[in-house]
Structures are given as structure tokens and as C-alpha cells.
């Protein structure tokens, strides 16, 4: 071992434990690539490269990733590795969890280096039995994916926080799925539905492994067009809950559109995140 290497190790061991622990616990900030969907359609590699150059540490591919060939997927993984960024999860149509599709989705996720296959949404159900059936499908997916090291997840929109027969469907999903099924919180849609994201995080400790940091304004002329930090979300409280009890592993900024172009929007949201989160 070189003297330089020995000196570095000695310095590292001499650091206060809290400083080293803080560095180890830093939470990556990523981008849900739906935010740059038009750029992604034109040139996926160029879009990912642009996002990485802004300073994003991870990306989340959404449904169109499923249509790429294995060769294209492996090329994308090589690009991610070259850029030093990760894909911790993908967003998936409900149909990708069927017996006909789940193995292909699994294989593509493994190529990308993912940990989680997140169901991006589900058709609203007329009754609670429909949501219970969805929970069982997610449990079955957990069994199917576990041997490969992957886990399923579910991403909420407004309907999951809107009561059906006096019960919010998201509560049915949380109660009837095993802990292996992560609950990816979309902050903006949670707030628009009138729910409290902080309370939801605290009610489900350890299961909120990732959050979509999408803001929302009750001003109808703005809605989801506001940039991160310009809407009604109380980000300081949300971050505190996510990091103290939620079990968050990574954050994902998401934007449905704004007064700026897609890449400029992504850049401005990342700057605002660093200002807000520190």
C-alpha cells in the first residue's frame, strides 16, 4: 500500500463519526424522465447525457423503456455507467405486471441496474375489492421479482387519496401489501387530493423509499406548471419526515411542464432543490 493511500485511510478514520455518517447517508437527487419526454423521444442518449451534466445523480425511466431492445437497453446502461449516474427504478404500466410481460420488464430492469419496478398508476376502481385485488397483484409481483433482487412499488395519483366507500384506496394498498412493496409518494397529486404528505409518510415508516418531488399550486392558472418550490408543498417538513421515518433512498424531481422548455425546467428545479434541501 502506498504512503499516499495509508495517509488517506488514516485521515478518513480520524474524521468525526457523525461527519462520515452524514456523507454515507447523502440521498441522491434524480429526475423522472417524463419531465423531459419530448427530448427523450428525439434522442434518449442525448437527453440522459444532458440531465447528468446538470448534476442529477439518477434517473427514472418511464413506460417507453419497455419497447427498447436488449441491445439498446445495454447501451443505455453503459452510458449511465460512463456518466456515473444510476437508474434505481422504472415507471411501469399496469400491464407490465401481467404474467405475459413481467419477466421481460424484470430483465430490462436488471440490465438498467434498477432496484424497483414501480407501477406508475392503475385504473380507478369502483369499489374496495378492486383495490384489494390490485394489492394482491403487487404481492404476486413481489414473489416473482424477489429471486432477482428486484422489488415492486406503487405510485399514487389523486384517486388513491380520494375515499371510496369511506376509505382511501392508498390505505387499502398499504394495509394489504407486504413491506417489500414500496409506496412511491407523488407529493403534488397527494396535496391536490387534499391529503397531508407528511402524515402519510409518518403513517408508513420505512416504505416511502422514493418521492416524486412535484409541486402544485391551488391557483388554477398555475397548478402543476409551477416549478419546484413555487407551489403549496411544505418541502422542509416533507424532507424531514422522509429522512427521519420514511426510509427514503433517493428523490426524483418531476415536472409536467412549465413556462420554460423541458431541459431549462429540469435545470431550474434542480437548482431550487439544492437551495431548499441544502
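Among DSSP bridges having both ends in the chain, what percentage is antiparallel? Round to the nearest 5.
Working: 1 of 27 bridges.
If I count the DSSP bridges inside the chain, around 5 percent turn out antiparallel.
Remind me, what semi-axes does segment 29-114 give for its equivalent ellipsoid, largest first in whole Å, using sqrt of 5 times each Cα gyration tensor eigenvalue? Numbers along the way, then the final one.
Values: eigenvalues 88, 34, 27 Å².
Square roots of five times the eigenvalues give 21, 13, 12 Å.
Under 1.5 on a/c is rounded, so check that first for segment 116-173, then, if it is not, pick prolate when a/b is larger than b/c and oblate when it is not; a ≥ b ≥ c are the square roots of the alpha carbon gyration tensor eigenvalues.
Working: a/c = 3.04, a/b = 2.04, b/c = 1.49.
Here segment 116-173 falls in the prolate category.
Quickly work out the residue 123-to-residue 163 label distance, labels modelled 7 Å from Cα along the C-beta direction, and quote it in nm with one decimal.
Those two pseudo-labels are separated by 2.6 nm.
Relative to 2.2 N^0.38 Å, what does the C-alpha radius of gyration of segment 190-255 come to as a ratio? Two decimals please.
Details: Rg = 11.8 Å, N = 66, 2.2 N^0.38 = 10.8 Å.
With N residues counted in segment 190-255, Rg over 2.2 N^0.38 Å equals 1.09.
Take the Cα atoms of segment 157-278, build their convex hull, and give its volume per residue in Å³. Don't skip to the answer; put the middle values down first.
On the way: hull volume 12.0 nm³, N = 122.
About 98 Å³ per residue, rounded to a whole number.
Return the equivalent ellipsoid semi-axes of segment 27-277 as a descending list in whole Å, where each equals the square root of 5 times an eigenvalue of the C-alpha gyration tensor. Please report the intermediate quantities before stating the final value.
Values: eigenvalues 131, 116, 50 Å².
Rounded to whole Å, the semi-axes are 26, 24, 16.
Relative to a virtual label point 7 Å from the Cα of residue 232 in the Cα→beta-carbon direction, which members of segment 165-187 show backbone nitrogen distances below 18 Å?
Under 18 Å, as judged by backbone N against the label point of residue 232, lie 186-187 of segment 165-187.
For segment 89-216, what number results from the quotient of the Cα radius of gyration and 2.2 N^0.38 Å? Show your work: numbers first, answer last.
Values: Rg = 14.0 Å, N = 128, 2.2 N^0.38 = 13.9 Å.
My calculation over the Cα atoms of segment 89-216 gives 1.00.
Bin by bin, in steps of 10 Å, what percent of the Cα pairs in segment 217-278 do you find, going until the bin that has the longest distance?
Result, from short to long distances: 20, 49, 28, 3 percent.
Pop a pseudo-label 7 angstrom from the Cα along the beta-carbon direction at both residue 78 and residue 264 and give the gap in nm to one decimal.
Going by the 7 Å Cα→Cβ label model, 3.5 nm.
Values in this text are rule-based calculations from the coordinates and carry no lab data. Note that the coordinates shown come from a computational prediction; the quantities given were computed from them, not determined experimentally. Backbone-built Cβ (ideal geometry, glycine too); neighbour counts: all protein chains shown.
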